[in-house]
1. Is it the case that Gly83 is within 16 Å of ligand 1 (Cβ to nearest atom), of a type outside the set (Val, Ile, Thr), surrounded by 12 or more Cβ atoms within 10 Å (Cβ to Cβ) and on the phi > 0 side of the Ramachandran plot?
2. Starting from residues that are among the aromatic types (Phe, Trp, Tyr) and touching a residue at least 40 places away in the same chain (Cβ under 8 Å), keep the ones in segment 24-71 and report whichever is surrounded by the most Cβ atoms within 10 Å (Cβ to Cβ).
3. What's the total number of residues in segment 60-74 that are modelled with pLDDT under 90 and either within 20 Å of Glu110 (Cβ to Cβ) or in contact with a Leu (Cβ under 8 Å, 6 or more places away or on another chain) (or both)?
4. Would you kindly identify the strands (runs of 3 or more DSSP E) lying entirely within segment 23-131 that contain at least 2 residues that are farther than 28 Å from Leu11 by Cβ and away from ligand 2 (no atom under 14 Å from the Cβ)?
Amino acid sequence: MRITNQREIILEELRRLKTHPTADELYEVVKKRLPRISIATVYRNLERLSEAGIIHKLEYGGRQKRFDGDVRPHSHVFCVRCGRISDVDTVEGLSVRAMVLDPKGFEIIEGSLQFEGICPECQKGNSLTTN
Ligand SMILES: [Zn+2]
Ligand SMILES: [Zn+2]
């Protein structure tokens, strides 16, 4: 009997989604493939994967944690109303590192920017998201 690798499926689904889902949103997707998986298992695996640096945990504006399967350095825009997060492209060739005036003794390796805004759904005034 083949043992289903829950973590692999969680990772696969997270990487497929471009929405930076919360654990609950990802659970709804993973459940379709693993009907008996629990929300606790999804949480635990997401924590382990982010500790290992395989995925990123995003916490903006004190909102519910969201997860990103894309660990390449990239910037995000965060909706201050509903918490939705999108990737944003920034000017190519412009290193975020070069923007730091005083690195406080750190050797800066990488960087990314966070933008805050109001997403298209919230601008229309019909966001259904409650968190
Ligand atoms: Zn929004
Ligand atoms: Zn992202």
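1. So Gly83 passes the test.
2. Per the criteria, the residue is Phe67.
3. Count: 4.
4. Those strands (runs of 3 or more DSSP E) span 114-117.
The values are calculated or read from the model by the stated rules, or taken from the named source; none is laboratory data. As the structure is a computational prediction, the values presented were derived from the model and not from experiment. FYI the Cβ positions are ideal-geometry reconstructions off the backbone, even for glycines, and counts take in every protein chain you see.
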